[in-house]
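The values are calculated or read from the model by the stated rules, or taken from the named source; none is laboratory data. It should be emphasised that the depicted structure is a prediction, and the values quoted were computed from it without experimental measurement. Quick reminder, even Gly has a Cβ in these numbers, built from the backbone with ideal geometry, and neighbours come from all protein chains shown. To get the accessible areas, we keep the full protein, side chains included, count just its heavy atoms, and leave off ligands, DNA and RNA. Shrake-Rupley method; radii C 1.70, N 1.55, O 1.52, S 1.80 Å.
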Amino acid sequence: MSDQGAGRARPIGGVIALAVMALLVLGALGFGAMKLLGGKPAPTDTPVTPTPAEPADLAAPPPPPAARVEPGSPEPAPAAPADEGMVRVADFWIDKTEVSIAAFKAWAPGYKTPKGFTNDMPVVDVTWEDARRFAESGGKRLCKEGEWLFALGQVRDPSAANLSGDTMDRPRPVSDERDRNSHGLLNMVGNVSEWVDSGSDEAAFAGGYWYWNKADHAAADLKRVNRLGTRQNYQHYIGFRTCRDAGPASP
C-alpha cells in the first residue's frame with residue numbers, strides 16, 4: 001500500500017475506534033442503571049391490575065344522599081298510619097266522632113244503655129277513669145285539654161250544634177253531620193260534653209251538651225274546660241272521644 005493510501009486509512013480506523021469506545025461506555029452506563037433499579041426492568045405503559053385491599057383496610061362507604069342527615073337537623077318522625085276514624089290536627093290525631101254506646105259496650109259488655117238512648121248515640125254515665133281505660137285499651141288516650149280546645153276549631157254554624165236546652169231531648173247519633181267544625185270533627189260544640197286530660201288529679205271536661213241552657217251560660221263557656229272533682233264521678237251529659245300522638249310514640 002502506498003504512503004498516500006495508508007494516510008487515508010488511519011482516520012477511518014480512528015473513527016471506528018471512537019465508535020467502539022462509545023458503545024462500551026453506553027453499555028457500562030446501562031449496567032449501572034440496572035443495578036440501581038435492583039435489576040427490575042424500566043416501567044412500561046402497560047396497565048397493571050391493582051391487588052384488592054383487605055376488608056380491614058377499606059373505609060366504610062358514605063350513606064346514600066337520601067339517608068344523610070345534616071348536623072343539627074331534627075330526625076324525621078315516622079308518619080303515623082292512617083286511621084279512618086280519626087282526623088290529624090297539628091301533631092296529634094283525634095276521633096272524628098264521640099265514642100258511641102256500641103263501641104263502649106264492645107269493650108264493657110256490662111254497660112247499661114240509658115233509657116231512651118240507642119247504640120249509635122254517644123256513651124254517657126262513664127267515669128273519667130273508665131274513659132281513660134277504654135282509650136288505652138285501643139292504644140290511644142284521652143285528649144289533653146289544650147288539644148281539645150285547639151281541635152274545637154272554627155264553628156261554622158253555632159245554631160247547628162245540639163244545644164236544645166230541653167232535658168226531654170236526647171243526643172244525636174255520633175255520626176250526625178250537622179255540627180261539623182273546620183277540622184271536619186263532629187259535635188265538638190254540643191251533643192255531650194267530653195272528658196279531657198287536664199294534667200292534674202281532677203276530672204275535667206269541655207264542650208256543651210244537648211240540654212245546655214243558653215240562658216244560663218255565656219257562649220264563651222263552650223270554649224272553657226271545667227273541673228268535676230274526683231275521677232270517679234260521672235254525669236248523664238258527659239261522654240268522650242280519644243286522641244293519640246302523631247309521632248314516634250304512636251302505636
Return the pairs, sorted by first residue and then second, in which the second residue is modelled with pLDDT of 95 or more and exposed (fewer than 14 other Cβ atoms within 10 Å of the Cβ), the first residue lies in segment 85-97 and is within 17 Å of Pro173 (Cα to Cα), the beta carbons are less than 9 Å apart, and the residues are 6+ apart or on different chains. Lys96/Ser175; Thr97/Ser175
Among the candidates Ser159, Ser164, Ser200, residue that is assigned to a helix (DSSP H, G or I) and either modelled with pLDDT under 95 or open to solvent by 40 Å² or more (accessible area, probe 1.4 Å) (or both): Ser159
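Would you point out which residue out of Tyr234, Tyr209 is part of a loop (DSSP other than H, G, I, E, B), modelled with pLDDT of 90 or more and either at positive phi or crowded, with 22+ Cβ neighbours inside 10 Å (or both)?
On the way: Tyr234 fails: either at positive phi or crowded, with 22+ Cβ neighbours inside 10 Å (or both).
Answer to the selection: Tyr209.
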Flagged pairs (Cβ under 6 angstrom, 6 or more apart or on separate chains; first in segment 135-158, on the phi > 0 side of the Ramachandran plot; second part of a loop (DSSP other than H, G, I, E, B)) are Gly139/Pro251; Gly153/Ser182; Gly153/His183
Evaluate the following for Ser175: is it farther than 15 Å from Ile94 by Cβ, open to solvent by 60 Å² or more (accessible area, probe 1.4 Å) and free of Cβ contacts under 8 Å to residues at least 12 places away in the same chain? no
Step by step: first the residues of segment 237-246, then only those that are open to solvent by less than 50 Å² (accessible area, probe 1.4 Å) and closer than 24 Å to Ala90 by Cα, then the one that is modelled with the lowest pLDDT. Which residue is that? Ala246
For residues that are over 17 Å from Val192 (Cα atoms) and at pLDDT below 95, tally how many sit in segment 113-129. 0
Of the residues that make up segment 130-144, is at least one more than 22 Å from Asp197 (Cα to Cα) and either touching an Asp or Glu at 6+ places or on another chain (Cβ under 9 Å) or open to solvent by 30 Å² or more (accessible area, probe 1.4 Å) (or both)? no
